[in-house]
Amino acid sequence: MRYWLMKSEPATFSLDDLAARPGQTEPWDGVRNYQARNMMRDEMRPGDQVFFYHSNCAVPGIVGIAEVVGEPRPDPTAFDPESSYHDPKSTPEKPRWHLVDVRYVRHLRRVIPLAELKTHATGALDGLPLVRRGNRLSIMPVTPEQWAFILSLE
DNA sequence: GCCAACGTTGGC
DNA sequence: GCCAACGTTGGC
């Protein structure tokens, strides 16, 4: 079982939104970055645990936990001409983009702000892409040690 | 709203 | 294959 961090803009899709979905589950569609896609398609498996991160908001930070349900699958929004995520180069026969379905687990007892996580950038969170300068990855791996450390801050 | 960082595109 | 231009991300 692996650990991950996934970013979402709460104005678009928040952890509360995830908790309110039928089955508390949502397809993580619209990822159009190859690094992020490769992680979903090639490395994510059902049961993997995910830190849910709010970006582009007043207090960016980790707000809760979700988990991967089901196997990775082609992203259907890529096939849909009406979708803002449409990519004509992705076809059902040869899908270019993939997603995983993500299910709500829980909110953290408090938001752990990016600013606080950054204070550990040269310590326990050394190497975590989130706390590196200029990082833009929307999906990233978290080591078991980093996961446990972040939970200890809760 | 600004802007640094970074990925992608496309001309050559 | 290089690299300038451009678009996007996302913190602040």
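The values are calculated or read from the model by the stated rules, or taken from the named source; none is laboratory data. This one's a predicted model, so the numbers in the text were calculated from it and none came from an experiment. Please note: Cβ atoms are built from the backbone with ideal geometry, for glycine as well, and neighbour counts cover all protein chains shown. Heads up: the accessible areas ignore ligands, DNA and RNA and are worked out on the full protein's heavy atoms, side chains in. Shrake-Rupley method; radii C 1.70, N 1.55, O 1.52, S 1.80 Å.
Within the stretch A:115-140, the residues that satisfy the criterion of being outside any loop (DSSP other than H, G, I, E, B) and either more than 16 Å from DNA strand B (Cβ to nearest atom) or open to solvent by 30 Å² or more (accessible area, probe 1.4 Å) (or both) are A:Ala115, A:Glu116, A:Leu117, A:Lys118. Tell me whether the stretch A:84-106 contains one or more residues that are over 19 Å from A:Arg32 (Cα atoms), out of contact with any Cys (no Cβ under 8 Å at 6 or more places or on another chain) and crowded, with 17+ Cβ neighbours inside 10 Å. Among the residues of the stretch A:84-106, at least one is over 19 Å from A:Arg32 (Cα atoms), out of contact with any Cys (no Cβ under 8 Å at 6 or more places or on another chain) and crowded, with 17+ Cβ neighbours inside 10 Å, which makes the answer yes. Across the stretch A:48-81, the qualifying residues are those that are among the hydrophobic types (A, V, I, L, M, F, W, C), surrounded by fewer than 19 Cβ atoms within 10 Å (Cβ to Cβ) and not in a strand (DSSP E or B), and the one among them that is farthest from DNA strand B (Cβ to nearest atom) is A:Phe79.
Every condition in (1) under 11 Å from the mean Cα position of the chain (by Cα); (2) of a type in the set (Asp, Glu); (3) within 16 Å of DNA strand B (Cβ to nearest atom) is met by A:Asp42 except one, and the failing one is (1).
Considering the stretch A:11-44, and only residues there that are touching a helix residue (DSSP H, G or I) at 6+ places or on another chain (Cβ under 8 Å) and farther than 17 Å from A:Pro76 by Cβ, the residue that is farthest from DNA strand C (Cβ to nearest atom) turns out to be A:Gln24.
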